[in-house]
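Asker: Before I ask anything, here is the structure I am working with.
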Amino acid sequence: MGLAKTEEEWATRASAFLKAKMKEADVTYADLAKRLRKHGLKETEAGITMKLKRGTFSAIFFLACIAALELEQVVLEEI
């Protein structure tokens with residue numbers, strides 16, 4: 001598939017990546033909100049839902065989600 005070529009494509013792929021990893025880990029939006037609190041982010045279930053639906057979120061949010069989902073590595077080609 002290769003790397004994304006536009007900002008919109010990056011946003012769509014990053015959102016889809018997080019949703020897929022949540023599904024693999026059987027983590028709900030509410031669960032993710034609880035896990036993110038342990039990493040210093042105050043997110044609500046609704047807030048997470050909207051961020052992932054829009055595909056617009058900060059790198060901080062993305063990295064905190066990776067930590068909260070306990071992912072050891074992220075391969076760009078998977079996004």
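Asker: Name the single residue that is farthest from E8 (Cα to Cα) among those in region 49-64 being assigned to a helix (DSSP H, G or I) and of a type in the set (G, A, S).
Answerer: Among residues in region 49-64 that are assigned to a helix (DSSP H, G or I) and of a type in the set (G, A, S), the one farthest from E8 (Cα to Cα) is A64.
Asker: If we scan region 65-76, do we find a residue that is surrounded by 12 or more Cβ atoms within 10 Å (Cβ to Cβ), in contact with a Cys (Cβ under 9 Å, 6 or more places away or on another chain), closer than 12 Å to S15 by Cα and not acidic (D, E)?
Answerer: no
Asker: For the condition touching a Leu at 6+ places or on another chain (Cβ under 8 Å) and not aliphatic (A, V, I, L, M), what is the one hit in F62, F57?
Answerer: F62
Asker: Can you work out which of the residues in region 39-61 that are among the hydrophobic types (A, V, I, L, M, F, W, C) and buried (at least 17 other Cβ atoms within 10 Å of the Cβ) is nearest to K19 (Cα to Cα)?
Answerer: My answer is L52.
Asker: Same structure, new question: Name the residue, out of A30, A14, A46, that is small (G, A, S), within 12 Å of the chain's Cα centre (by Cα) and part of a helix (DSSP H, G or I). Even if it seems obvious, please write down each step before you answer.
Answerer: Working: A30 fails: within 12 Å of the chain's Cα centre (by Cα); A46 fails: within 12 Å of the chain's Cα centre (by Cα).
Criteria check complete, one pass: A14.
Values quoted throughout were computed directly from the atomic coordinates according to the rules given, and no laboratory measurement underlies them. All values reported here derive from a predicted model rather than from experimental measurement. Here Cβ is always computed from backbone atoms with ideal geometry, including for glycine, and neighbour counts include all displayed protein chains.
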